[in-house]
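Chemist: My structure is below; once you've seen it, I'll send some questions.
Read the figures in this text as sums done on the coordinates, not as results from a lab. Bear in mind the structure is a predicted one, so any value in this text is a computation, not a measurement. Please note: Cβ atoms are built from the backbone with ideal geometry, for glycine as well, and neighbour counts cover all protein chains shown.
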Amino acid sequence: MITTPMKGRWTHLSRLSTSAPLLLLLAAQALAAEIPHYDRVRILESPVLIEDAELTDDHGEAFKLSTLRGRVAFIFFGFTQCPDVCPVTLEQFRQFRASDGIDAERTAFVMISVDGERDTPPVMKQFLAQFSNDFIGLTAPPAEVKKLAGQFSAAFFKRRTGAEGEYTMSHSPQVFVVDPAGQLRAELYAASIDAMGGIAATLLGEPR
């Protein structure tokens, strides 16, 4: 006669424990500020919490995405031999970081390589140094990066270029904006530096 109520009680507690992360996420979403609308910016109707992942940074050290918490992170998926989109994106990052009004201590710029076979940490470091030593380069085996990219709805694939063994990479071009709580909030499609600054200021101004 006692087992049934106890079983029900434990089931109830289990459900509360399981729902705790969801409740925290809903609370964070309720506090989310409305991001101003800008050209070439897609604002997510609901924030998407990005699960933590461990990659290798351009210094050869383990780097968890959760390390970015507390900062607004501008993240894109690219590769060092990219002929156009990646250099243009990094140059825009450089200009934005050098602009007035940016909170450099609370803003991160991250490139995640989709070409883990060639983009070793030293290669990433040398490539990023052309733009800023403060940018973060991350790499991992392609399968792990593909799993992470799925959380952002980003895609990439290897494309043969004709000669045996030679290839290039095709990848999603947008920049993903992750807030200080680790939630994906917006996607930028060659948006202006003013747009980047406005979005960063809004997200940094949210209560935590």
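Chemist: Counting only the backbone N, which residues of the range 160-188 are under 15 Å from the spot 7 Å out from the Cα of TYR38 toward its beta-carbon?
Modeler: 174-179, 185-188
Chemist: How much length would be gained if the chain were fully extended between GLU206 and ASP84, taking 0.36 nm per residue of separation minus their Cα-Cα distance, in nm to one decimal? Walk me through the numbers on the way to the answer.
Modeler: Numbers: separation 122, 0.36 × 122 = 43.92 nm, distance 3.45 nm.
Length gained, GLU206 through ASP84: 40.5 nm.
Chemist: Could you give the size of the charge dipole of the range 94-134 about its Cα centre, using +1 on the Cβ of each K and R and -1 on the Cβ of each D and E, expressed in debye and rounded to the nearest 20?
Modeler: Numbers: 5 positive and 7 negative charges, 17 e Å.
Charge dipole of the range 94-134: 80 debye, to the nearest 20.
Chemist: Stretched out fully, how many nm does the piece from PHE157 to ASP134 gain, at 0.36 nm a residue minus the Cα gap?
Modeler: Details: separation 23, 0.36 × 23 = 8.28 nm, distance 2.79 nm.
This chain segment gains 5.5 nm when fully extended.
Chemist: Taking θ as phi - 60°, what are the ³J(HN,Hα) couplings along the range 190-203 by the Karplus curve (6.51, -1.76, 1.60), each to the nearest whole Hz, with x for Gly and Pro?
Modeler: With coefficients 6.51, -1.76 and 1.60, one gets 6, 6, 6, 5, 4, 5, 4, x, x, 5, 4, 4, 4, 5 Hz.
Chemist: State the antiparallel share, in %, of DSSP beta bridges confined to the range 36-204, rounding to the nearest 5.
Modeler: Working: 22 of 32 bridges.
Just about 70 percent of them are antiparallel.
Chemist: Mind checking the full-extension length gain between ALA104 and ARG69? Use 0.36 nm per residue of separation minus the Cα-Cα distance, one decimal, nm. Present the calculation step by step, with values, prior to reporting the outcome.
Modeler: Details: separation 35, 0.36 × 35 = 12.60 nm, distance 1.43 nm.
Value of the extension gain: 11.2 nm.
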